[in-house]
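Any read-out appearing in this document is the output of simple, stated calculations on the displayed coordinates, not a laboratory observation. All values reported here derive from a predicted model rather than from experimental measurement. Because the Cβ atoms are built from the backbone with ideal geometry, glycine has one as well, and the counts that use them run over all protein chains shown.
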Amino acid sequence: MMLDFSKIIIPFFIVFMLFSCATPVAYVDYDKEASYDKYVSYNFYAPETGLSEVEEDTIMGLIEENLLAKGLESQVISKFSIDFFVEFFNVENSLVTETGYAMFNNDTPYMAVTISFADALTSELFWQSVTECKIPRYTTEAQRVELYQEFITIALEKYPPKPEDYSSTKGKKSTVKKTTNTKVENANK
């Protein structure tokens, strides 16, 4: 008697997908030729995020808290400006068998937080992070603040980039002239 593995694996896969814990992942892009030592003070652009004013203030406070811990300071006339954007979107998940019949179809909510740093004089972008993760379908205000805190901590974890972060790319020919991408995952989960 031959076992039909699809009858065993498919339900296991569905249960795994439903209960898997999602961890935010940050994708960082930065100018490896920038002098990060000169960027000692910051200010925020007027955010146009589509969020409520309370949520915008919460995110700005979390970013500021993180940067202050790194020894940077907020000033009206600053060395760099910060912009951020929060996006909510759904990703469709489906599972199809050999017969083409969809056994499982579900939209999964995701959140992405983009944080950008630009030189205050030239407005040239020198560092950016996009952090994204699957989130619960319904969240309270307190849960959303926790999500923002986790996303921003992960996003700013590798700021400022250290020379060793990109020293392995020095001397190698690259198609990208001034930027390099790194993936940062939360190792705490």
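Pairs from the list 70/134; 38/162; 38/158 with a Cα-Cα gap above 19 Å: 70/134.
Can you compute the FRET efficiency between residue 69 and residue 45 using 1/(1 + (r/R0)^6), with r the Cβ-Cβ distance and R0 = 25 Å? Round to the nearest 0.05. It comes out at approximately 0.70.
Sites listed here are chymotrypsin sites (Phe, Trp or Tyr not before Pro) in segment 32-71 whose DSSP assignment is loop and whose Cβ has at most 13 other Cβ atoms within 10 Å: 45.
Once fully extended, how much extra length lies between residue 88 and residue 146, figured as 0.36 nm per residue of separation less the alpha-carbon to alpha-carbon distance?
Length difference between fully extended and current span is 19.3 nm.
Residues in segment 48-65 carry Karplus couplings, in order, of 10, 9, x, 8, 5, 4, 5, 5, 4, 5, 4, 5, 4, x, 5, 5, 4, 4 Hz; the curve used is 6.51 cos²θ - 1.76 cosθ + 1.60 with θ = phi - 60°, and Gly or Pro positions show x.
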